[in-house]
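The values are calculated or read from the model by the stated rules, or taken from the named source; none is laboratory data. Predicted, not measured: the structure shown is a model, and the values here were computed from it. Please note: Cβ atoms are built from the backbone with ideal geometry, for glycine as well, and neighbour counts cover all protein chains shown.
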Amino acid sequence: MAKQDMDTIVDETLDDEGFEPRVYELGFHLDPELPTEKVKKAYQTIREFIAEKGAVVAESESQKIPLAYTISRQETSGRRDFDSAFFAWIVYETPASSHAEILTMASADKSIIRFIDLLTTKDAARHAVEMREISVKTQERIEEPEEVASTDLDVALENVVV
């Protein structure tokens, strides 16, 4: 891999005619100041472009997250700092020639503040989806006892004799 600039990593194996499909994962941060409708539209636009160039294997729609560190970007209006973003990822299978087009699209999309594109496998993508589902179920189980405890506490407080 060769570093092209701070936000883009280029797969040097693109030079090998690239007719054999490979599996890639595109992870990207979308501008946190976009309205929810525009975030969904930006995600769908990216997903549709990828689907035209190959096959979507797995995905996770955007969620707003705090960033581990501030990302700064120079814009025409000046420097802009981001402490949060909408994060999403899409795993897709495509030939290297189409992969280059996807990277070009991601670089040109102004709603994407940063992205990473990795070579991966279908098994790794499926595992990531399974782990996410387990995490969501675990969080639901943790939240339920608190709700029950809160309800029990409310009932107990109503029956308190002073």
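Numbers below:
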quantity	calculated
Search result, residues across segment 38-92 that are within 16 Å of ASP117 (Cβ to Cβ), β-branched (Val, Ile, Thr) and in contact with a Phe, Trp or Tyr (Cβ under 8 Å, 6 or more places away or on another chain)	ILE46, ILE50, VAL56, VAL57, VAL91
Per-region count, segment 81-107, residues under 26 Å from ALA68 (Cβ atoms) and without any contact (Cβ under 8 Å) to a residue 12 or more places away in the chain	1
Whichever residue in segment 66-97 is of a type outside the set (Val, Ile, Thr), over 16 Å from SER111 (Cα atoms) and in contact with a helix residue (DSSP H, G or I) (Cβ under 7 Å, 6 or more places away or on another chain) and, among such residues, is surrounded by the fewest Cβ atoms within 10 Å (Cβ to Cβ)	ALA96
Qualifying residue in segment 28-38 (condition: assigned to a strand (DSSP E or B), within 12 Å of the chain's Cα centre (by Cα), of a type in the set (Phe, Trp, Tyr) and under 21 Å from HIS127 (Cβ atoms))	yes
Positions within segment 61-89 being of a type in the set (Val, Ile, Thr) and either touching a Pro at 6+ places or on another chain (Cβ under 7 Å) or in a strand (DSSP E or B) (or both), in sequence order	ILE65, THR70, ILE71
Among residues of segment 34-60, those that are among the acidic types (Asp, Glu) and either surrounded by 13 or more Cβ atoms within 10 Å (Cβ to Cβ) or more than 26 Å from PHE82 (Cβ to Cβ) (or both), counted	2
Checking ALA128 against (1) at pLDDT 65 or above; (2) out of contact with any strand residue (DSSP E or B) (no Cβ under 9 Å at 6 or more places or on another chain), the condition it does not meet	(2)
Residue within segment 109-120 that is surrounded by 14 or more Cβ atoms within 10 Å (Cβ to Cβ) and within 14 Å of PHE49 (Cα to Cα) present	yes
Contacts under 6 angstrom Cβ, first residue in segment 11-33 being at negative phi and at pLDDT below 95, partner of a type in the set (A, V, I, L, M, F, W, C) and not in a strand (DSSP E or B), 6 or more apart	LEU14/ALA96; LEU14/ALA100
